[in-house]
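Peer 1: What follows is a structure written as structure tokens; I'll ask about it next.
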């Protein structure tokens, strides 16, 4: 559970997670880089944290790294609850 709270401790990761929740299928991480205006390596680290927290799953497709939310309904409720607590 500690990894989960660490992952949600970054506005950038929350922004990326919210963007992923809008997608039904896997999406290339490269398509989300502009959302947080950071270098590719930083974006990849954010996705690694989300993966370690079991919030997303990733797959390789050639040179592309794609991801999607692992449990969309639960993740959406979690983010909604967190926002209410702010």
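Peer 1: Within the stretch 20-43, can you find the residues that are touching a strand residue (DSSP E or B) at 6+ places or on another chain (Cβ under 9 Å), surrounded by 13 or more Cβ atoms within 10 Å (Cβ to Cβ) and under 22 Å from residue 62 (Cβ atoms)?
Peer 2: The answer is 20, 23, 26, 27, 28, 29, 30, 32.
Peer 1: So which of 20, 50, 35, 4 is without any contact (Cβ under 8 Å) to a residue 40 or more places away in the chain and in a helix (DSSP H, G or I)?
Peer 2: Working: 20 fails: without any contact (Cβ under 8 Å) to a residue 40 or more places away in the chain; 50 fails: without any contact (Cβ under 8 Å) to a residue 40 or more places away in the chain; 4 fails: without any contact (Cβ under 8 Å) to a residue 40 or more places away in the chain.
The match here is 35.
Peer 1: Can you spot a residue in the stretch 69-78 that is in contact with a strand residue (DSSP E or B) (Cβ under 6 Å, 6 or more places away or on another chain) and either assigned to a strand (DSSP E or B) or in contact (Cβ under 8 Å) with a residue 60 or more places away in the chain (or both)? Give the derivation first.
Peer 2: As a first pass, look at the stretch 69-78 and keep what is in contact with a strand residue (DSSP E or B) (Cβ under 6 Å, 6 or more places away or on another chain): 69-70, 75.
With the extra rule that they be either assigned to a strand (DSSP E or B) or in contact (Cβ under 8 Å) with a residue 60 or more places away in the chain (or both), the set shrinks to 69.
Yes, the conditions are met somewhere in the stretch 69-78.
Peer 1: Any residue that is surrounded by 12 or more Cβ atoms within 10 Å (Cβ to Cβ) and on the phi > 0 side of the Ramachandran plot - is there at least one of those in the stretch 44-58?
Peer 2: From the stretch 44-58, those surrounded by 12 or more Cβ atoms within 10 Å (Cβ to Cβ) are 44-58; that's our starting set.
Next, from what is left, pick out any that are on the phi > 0 side of the Ramachandran plot: 54.
Yes, some residue in the stretch 44-58 is surrounded by 12 or more Cβ atoms within 10 Å (Cβ to Cβ) and on the phi > 0 side of the Ramachandran plot.
Peer 1: All but one of (1) at pLDDT below 95; (2) surrounded by fewer than 16 Cβ atoms within 10 Å (Cβ to Cβ); (3) touching a strand residue (DSSP E or B) at 6+ places or on another chain (Cβ under 6 Å) hold for residue 1; which doesn't?
Peer 2: Unmet for residue 1, out of (1) at pLDDT below 95; (2) surrounded by fewer than 16 Cβ atoms within 10 Å (Cβ to Cβ); (3) touching a strand residue (DSSP E or B) at 6+ places or on another chain (Cβ under 6 Å): (3).
For (1) more than 20 Å from residue 86 (Cβ to Cβ); (2) modelled with pLDDT under 90, each residue gets a yes or a no:
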position: 10; (1), (2): no, no
position: 14; (1), (2): no, no
position: 23; (1), (2): yes, no
position: 35; (1), (2): yes, yes
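Peer 1: Residues to consider are 27, 14; find the one that is within 10 Å of the chain's Cα centre (by Cα) and either farther than 18 Å from residue 79 by Cα or touching a residue at least 60 places away in the same chain (Cβ under 8 Å) (or both). Before the answer, list the steps.
Peer 2: On the way: 27 fails: within 10 Å of the chain's Cα centre (by Cα).
Every option except 14 fails the conditions.
The values are calculated or read from the model by the stated rules, or taken from the named source; none is laboratory data. Just so it is clear, the structure is predicted and the values come from calculations on it, not from any experiment. Reconstructed Cβ throughout: ideal geometry from the backbone, glycine too, with neighbour counts over all protein chains shown.
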